[in-house]
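Rule-based calculations on the coordinates, nothing more; no lab input. Just so it is clear, the structure is predicted and the values come from calculations on it, not from any experiment. Please note: Cβ atoms are built from the backbone with ideal geometry, for glycine as well, and neighbour counts cover all protein chains shown.
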Amino acid sequence: RVAVVLFTRDLRIHDNPALAAAARAAERVVPLFVHDPALPAPRFLASALADLQSSLRRLGADLVERRGDPASEAVKVARAVGAEGLGLAEDVSRYAKHRLARLTDACAAERIALRTFPGVTIVPPGSLRPAGGDHYKVFTPYWRAWQAVKLRDVERAPRSLRLPDDLPASWTRDRALSGPAGETAARRQLTSWLRHASDYEEIHDNLAADRTSRLSPYLHYGCLSPRELVSRTESVEPFVRQLCWRDFYHQVLDAFPDLRRKPYRPGATDAWKDDRTAFEAWKAGQTGIPIVDAGMRQLLAEGWMHNRARLITASFLTKHLGVDWRLGADHFYDLLLDGDVANNYGNWQWVAGTGNDTKPYRRFNPIRQAERFDPTGDYVRRYMPELADLPGKAIHQPWLVPGSRGYPAPLTLPEDVGRSTQG
Ligand code: FAD
């Protein structure tokens, strides 16, 4: 018996339900990844695949790679190796659902048994429903219901895997390991972060401390199982709550596939200015508001941004500059290593007031946020060399300190903030 496992956003061997089931049910397993030209292919993905390949080789198998439409390529491989079954993790974006629909048809035509598995989220989207609704629209009731769910057991990594003997050698390839990504790096990062996890609640919002887990890119590509993560962090409730936000937005996207383009909340105001100059300044980290610019420069430099900075920069773009949330969200999505349809567009809509926030009129004052979450100014100093000589929190309002620094005057200022000398 031969089974094909189609890897998508579950690039790991630990707690991978599709892989574990194939290893139990079949004597030979063909792990497959199809490079889909329609999806981005960052270096992070290449290194995650290299790591997956070496883990699979250690188990006695290998990674088969194909390029093209995942549905037709997967069925071609399954047919060629005489597979009876094909398994994959179920995902919620519109793109993933179309892929699954095509795969379902192609498998039916070839009489290949297709099975989907959980693994992308902790609680499968759609499995929790409030009375009278198809999904939860507000986080707190979802969190309560979510905490009461009996979770599936964490799956062990298979002990060994065997490829079919007659698999053509050309189907697998050696690749140069590039950069620290993938499951091995994710597990190492988790182990080291767990040593400090107990003070997550006090410190996670402190921008300069930079003490969140930084696991988001690994979670996005499934190098780490969110289910396993929750089992290893149970005692750190505020962290588990963040993981629940991730599940929350996945069940929102599952129920509302237009999350990327349409306001989620019926009747939400969705009128924006077409201010390209402001948008370009925001993207470049040149708005003249240091905390906003530091966040945007962190994104440019690292492909990642601290959550508090994401909130401040997104709120400034939408609520102060009045620019369309879709523009900001697309920019984040293109640059973030963890760029994720559910989390990115769900959070952007929350900030813009078109989404799941129960206080959609909320507006973060960037200066107050900076003073509270970067009280020493060290986060700004890290990304803004031209302001580094400003002491302490004076760095948050350079326009109050005389002198020219080659830094722009603010595009706009919150109403209750002192205006003075610069620009
Ligand atoms: P930690 O604080 O260590 O949290 C652990 C994990 O919990 C994260 O890795 C993430 O998977 C999940 N998580 C934490 N906060 C949230 C949240 N608010 N919503 C959903 N999941 C959360 N997260 C993404 O993974 N991809 C995105 O594209 C993305 N875009 C965002 C855009 C905006 C405007 C905002 C405000 C937030 C966005 N987030 C996104 C959520 C959050 O900022 C990141 O998940 C977090 O900063 C990642 O860093 P971490 O792994 O160190 O987080």
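Taking 0.36 nm per residue of separation and subtracting the current Cα-Cα distance, fully stretching the chain between R111 and L39 would add 23.1 nm.
Shape analysis of the chain places it in the prolate category; the axes a ≥ b ≥ c from the Cα gyration tensor give an a/c of at least 1.5, with a/b above b/c.
With an a/c value of 1.5 or above and a/b larger than b/c for the gyration tensor axes a ≥ b ≥ c computed over the alpha-carbon atoms, the stretch 202-261 is described as prolate. Placing R0 at 51 angstrom, the Cβ-Cβ distance between D378 and S170 gives a FRET efficiency of 0.45 after rounding to 0.05. Look at the alpha carbon pairs under 8 Å that are at least 6 residues apart: their mean separation over the length of the chain gives a relative contact order of 16 percent.
Our estimate of slack between R188 and A271, defined as 0.36 nm per intervening residue step minus the Cα-Cα distance, is 25.4 nm. The value obtained for the stretch 1-120, namely the Cα convex hull volume divided by the number of residues, is 93 Å³ per residue. For the residue pairs K283/K393; K273/K359; K137/K319; K283/K319; K137/K359, the alpha carbons lie more than 18 Å apart in K283/K393; K273/K359; K137/K319. Considering only F279, L59, C223, the residue lying farthest towards the positive end of the dipole of the chain is L59, judged by Cα position with unit charges set on Cβ. For L114, the amide hydrogen comes within under 5 Å of the amide hydrogens of L86, counting only partners 5 or more places away or on other chains and with H modelled in the peptide plane. Every helix of 4 or more DSSP H residues in the chain counts as -39500 (n - 2.57), and over all residues that averages to -12000 deg cm²/dmol at 222 nm.
The Cα-based radius of gyration and maximum Cα-Cα distance (Dmax) for the stretch 276-400 are 13.8, 41 Å. The Kirkwood hydrodynamic radius of the stretch 95-192, based on inverse pair distances between different Cα atoms, is 18.7 Å. Sorted fewest first by neighbouring Cβ atoms within 10 angstrom, I289, I13 come out as I13, I289. Ordering E90, E201 from the fewest to the most neighbouring beta carbons within 10 Å gives E201, E90.
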